[in-house]
Amino acid sequence: MRLISLAVMAASIGFAATPDLTGNWKLNATKSDFGQFPAPSAMTQKISHAEPKLTVEINMTSDMGEFAFTSNYTTDGKECTNQGFGGSEAKSTAKWDGDTLVIDTKGSFGDNPYTMKDKWSLSEDGKVLTILRRFSSSMGDVDQKIILDKQ
């Protein structure tokens with residue numbers, strides 16, 4: 001009987017719940033690194049997350065103006081279509097790799113195709129969301145680290 005209890009306990013550890021990303025998040029500019037891209041002067045994200053649905057509402061202010069857009073994903077690896085850079089269409093897949101959400105996106109900015117790979121991870125206390133991003137295009141690769149604090 002003890003062996004069965006240990007087996008059940010071990011199995012339950014392997015099936016831990018995925019992190020809940022729901023919340024209002026604000027850019028921590030001092031801890032973020034946007035690589036060669038200029039950092040926004042302000043950015044917030046409102047995330048609604050109910051597995052497998054994930055909705056991200058982004059509001060951003062930069063030298064080029066104010067931007068607001070919403071992206072909808074499913075975390076089951078199915079392709080989703082959202083608005084990309086410059087209003088073009090972008091196609092993404094999102095899936096969990098352990099406690100990390102991996103979002104792969106393909107789109108184009110004008111005639112220039114790009115890919116973007118995001119790895120989202122939540123701190124143990126649930127108060128910091130880290131997005132590690134690799135943006136690739138014919139102009140090269142840019143790595144970014146975006147830190148968002150829960151409000």
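For region 140-151, backbone phi angles converted through the Karplus equation (6.51, -1.76, 1.60; θ = phi - 60°) give residue-by-residue couplings of x, 10, 10, 9, 10, 10, 10, 10, 10, 9, 6, 9 Hz, Gly and Pro being listed as x. Dividing the convex hull volume of the alpha-carbon atoms in the chain by its residue count gives 127 Å³ per residue.
Most simply put, region 20-150 has about 100% antiparallel DSSP beta bridges, counting only bridges with both residues inside it. Per-residue 3J(HN,Hα) values for region 113-122, derived from phi via the Karplus relation 6.51 cos²θ - 1.76 cosθ + 1.60 with θ = phi - 60°, read x, 9, 10, 9, 10, 10, 10, 9, 9, 9 Hz in sequence order (x marks Gly and Pro).
Please report how many Lys pairs in region 20-150 have alpha carbons closer than 16 angstrom, counting only residues at least 8 apart along the chain or sitting on separate chains. Lysine pairs, 8 or more places apart or on different chains, close enough: 26. Along the Cα-to-Cβ line of T18, 7 Å from the Cα, sits a label point; which residues in region 30-55 have backbone N less than 16 Å from it? In region 30-55, the label zone of T18 (backbone N under 16 Å from the point 7 Å along Cα→Cβ) covers 47-55. Rounded to the nearest 10 degrees, the angle from helix 2-14 to the longest Cα principal axis of the chain is 10 degrees. A simple rule links phi to the HN-Hα coupling: the Karplus curve 6.51 cos²θ - 1.76 cosθ + 1.60 with θ = phi - 60°, which for region 61-70 gives 10, 9, 4, 8, x, 9, 10, 9, 8, 10 Hz, with x for Gly and Pro.
Using +1 on the beta carbon of Lys and Arg, -1 on that of Asp and Glu, and nothing else charged, what's the dipole of the chain about the Cα centre, debye to 20?
Values: 16 positive and 19 negative charges, 62 e Å.
Its charge dipole is roughly 300 debye.
No lab work stands behind these numbers, since they all come straight from the coordinates. Nothing here was measured: the structure is a model prediction, and the numbers come from that model. Using ideal geometry, Cβ is built from the backbone for each residue, glycine included, and neighbour counts are taken over all protein chains shown.
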